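The values are calculated or read from the model by the stated rules, or taken from the named source; none is laboratory data. Every value quoted in this text rests on a predicted model; they were computed, and no experiment measured them. Ideal geometry is used to build each Cβ from the backbone, glycine not excepted, and the neighbour counts take in all protein chains shown.
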Amino acid sequence: MLLEGKSVVIMGAGSGVGRAASLIFARNGAKLICADLVAERNEETVGLIREEGFTDAQAITCNVVKEADVQAAIDAAVSAYGRLDVIFNNVGIASPVRNNALVRFDEITDEDFDQLNDVNFRGVGNGCRLAIRQFLKQGDHNGVIVNTASVAGMVGWGGVLYGATKGAVIQLTRGLAIENAKNGIRVNAVCPAGMITNFGAGSAPRVVTPELESMYGKQHPLGMPISPEDCANAALFLASDMARNITGVALPVDGGYVAA
Ligand SMILES: NC(=O)c1ccc[n+]([C@@H]2O[C@H](COP(=O)([O-])OP(=O)(O)OC[C@H]3O[C@@H](n4cnc5c(N)ncnc54)[C@H](O)[C@@H]3O)[C@@H](O)[C@H]2O)c1
C-alpha cells in the first residue's frame, strides 16, 4: 500500500504504461483520476480498476497539450479527493514514420516538429507547472511529480526528434527538482526502453506474440522484454514515500541498455 490515500492524476491512462500504472497504483491504495485523449480506452482502464473492487477511480478525457484540459484533470482530483498528491505525466507519442521507415531529422516537417514538441514536451510541462501551482496552493510542503521520459532522451536511440523531446523532459525534471526542492516537491522521471504497447501502433492495438517478446528482449543485456508493469513499478516507487529523499533522477527501466 505504497500510495495509501494519495490523490493521483495519471496522464495517458488508456493504454500501456498509463494503464499498468493505474491498476498498480490503485492496488497500492491510490485514489485516481485517469486522464487520456481517447475516452473509450480510458474508461476501459477505469472499468478494469473497478472490476478489482477499487471505487476511487474516475476517467476524464484530456488532451495534455491543452492547458485547460490538464487543469480540469487536476481540478477533478481536488474536487473528488480534496487535494492532489501525485501527478504521473506519462503521455508520449512516437517519432513520425513514413513509407515504413522512421523519418530522418532532415526530412521532418514543421507539422511533425510541432506535434512531437507539443505532446511530448509541452504536455509534460503543462502537467508539471499546473501540478506545482496546486501543490503550492495546498502549502503543506508536499507533492510528487513523476514524468515518463525514455532511454531515447539519454542515448541516441530511435527517432532523433523523439529523443530530443525526451531529453527535454529529463532536463525539465532536473530543473524543476532543484527549483522546487525548498518547497518539498519531488520531481523524477522514468526512462523506459522499448516496450510492447500501443506506442507508435496507430489505431490498431498491438498484439503481443512470443516472437515479438523475444525480439524486444534481445535488445537489452538482461534479455527479458520490458513490460509496462516494469515501468509502472518504477513510477510507483518514485511516487511513494519510499523515495522521499530522491529527486531530480532519470531512472532507466531498460534491462541495462544505457549502461552497456
Ligand atoms: N513503448 C515504448 O517502446 C516506449 C519506450 C520509451 C518510452 N516510452 C514512453 O512511455 C510513455 C507511455 O507510452 P506507452 O508505451 O504506454 O504508449 P501507448 O501509446 O500504449 O499509451 C499512451 C497513451 O497516451 C495517450 N495519449 C496520446 N496523446 C495524448 C494526448 N495528447 N493527451 C492525452 N493522452 C494522450 C494515448 O491515447 C494512449 O492511451 C510515453 O511517454 C512514451 O514516450 C515508450
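Observations on the structure shown:
- Within the range 126-161, the set of residues being within 19 Å of residue 192 (Cα to Cα) and part of a helix (DSSP H, G or I) comprises 151, 152, 153, 160, 161.
- When residues of the range 167-212 are limited to those that are at pLDDT 95 or above and hydroxyl-bearing (Ser, Thr, Tyr), the one nearest to the ligand (Cβ to nearest atom): 197
- For the range 61-96, filtered to residues that are of a type in the set (Asp, Glu) and surrounded by fewer than 20 Cβ atoms within 10 Å (Cβ to Cβ), the residue that is farthest from the ligand (Cβ to nearest atom) is 75.
- Summed over the range 128-156, residues that are touching a residue at least 60 places away in the same chain (Cβ under 8 Å) and either surrounded by fewer than 22 Cβ atoms within 10 Å (Cβ to Cβ) or near the ligand (Cβ under 10 Å from one of its atoms) (or both) total 8.
- Of the residues making up the range 8-59, those that are at positive phi and touching a residue at least 24 places away in the same chain (Cβ under 8 Å) number 3.
- Residue 39 vs. criteria surrounded by fewer than 17 Cβ atoms within 10 Å (Cβ to Cβ), within 16 Å of the ligand (Cβ to nearest atom) and hydrophobic (A, V, I, L, M, F, W, C): yes
- Listed conditions (1) under 23 Å from residue 14 (Cβ atoms); (2) part of a loop (DSSP other than H, G, I, E, B) are all met by residue 256, apart from (1).
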